[in-house]
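This report concerns only the one structure given below.
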Amino acid sequence: MTDSIDLSQNLPEETPETTEEAYVFPMSFAQQRLWFLDQMEPGNPSYNMPAALRLRGAFLPDRLEACLNEVVARHETLRTSFGIVDGEPAQIVVPSLTISLPIEDLRDLPPEAREGEALRRAREEAMRGFDLTRPPLLRARVLQLGEADHVLLLTLHHIIADGWSTTILVREIAALYAAHLEGRPSALPELPIQYGDFALWQREWLQGEV
């Protein structure tokens, strides 16, 4: 997710390289550090950012999946992979990407065992590594504990998110899902800047200081 700081007046004149398949941006310095660490130890789950959202009441999986994909469409960083382009580390943003939302039903277990099993699966999910060359660097799944009791598990790699942006992601999904359930249009404002724009600005600003 992008920072809320308005950098639009200070962005470099260059526009990202585009193809029919992707946009290519330089990595931010923080991303490049994480990318180098992943080169040394691919798929290290230490850099995973897990989150969970408890959903009580009516559950409409198709609408929740639609909300997830609306957020993915909204934030370029959720459609980003990382690799070498023209000899330089780069973030590669695909113009569109759809994620699925698998549901795991725990209702076959005794009621008193479901919470423990949900926690075990959440920990297991959080320890699964990512391949930084394959987007999305976001996974989602739902655990069903009861007829009206579900847990949405989200896992992101730290190269595309931090604690603050993960909180924003969860809030946006919750807001969109509530709007879907109530038949209201999305109230999320349009984003004035994406993370790739920030990375361009950061490189230009620091190079200008040299």
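Since every read-out is calculated from the coordinates, none of them should be taken as a lab result. Since the structure is predicted, the reported quantities are computational estimates derived from the model, not experimental observations. Glycine also receives a Cβ, built like all others from the backbone with ideal geometry; neighbour counts cover every protein chain displayed.
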Completion exercise
Residue separation between S96 and A52 times 0.36 nm, minus their alpha-carbon distance, gives in nm 13.4 nm
Fill in the blank from the handout: Checking rank on 63-75, 45-57, with mean other Cβ inside 10 Å and highest first, the result is 63-75, 45-57
Fill in the blank from the handout: 1/(1 + (r/R0)^6) with r = Cβ-Cβ of D108 and A148, R0 = 22 Å, i.e. FRET efficiency to nearest 0.05, evaluates to 0.80
Handout entry: Label-to-label distance, nm, for residues given as E41 and A66 (7 Å Cα→Cβ offset)
Key = 4.3
Practice task
Could you sort 101-107, 164-170, 185-191 so that the peptide with the highest average Cβ count within 10 Å comes first and the rest follow in order?
Solution key: 164-170, 101-107, 185-191
Handout entry: Spin-label pair R134/A178, simplified geometry with 7 Å Cα→Cβ offset, distance in nm
Key = 3.6
Fill in the blank from the handout: Each label sits 7 Å from Cα toward the beta-carbon; between V170 and E115 the label points are separated, in nm, by 1.8
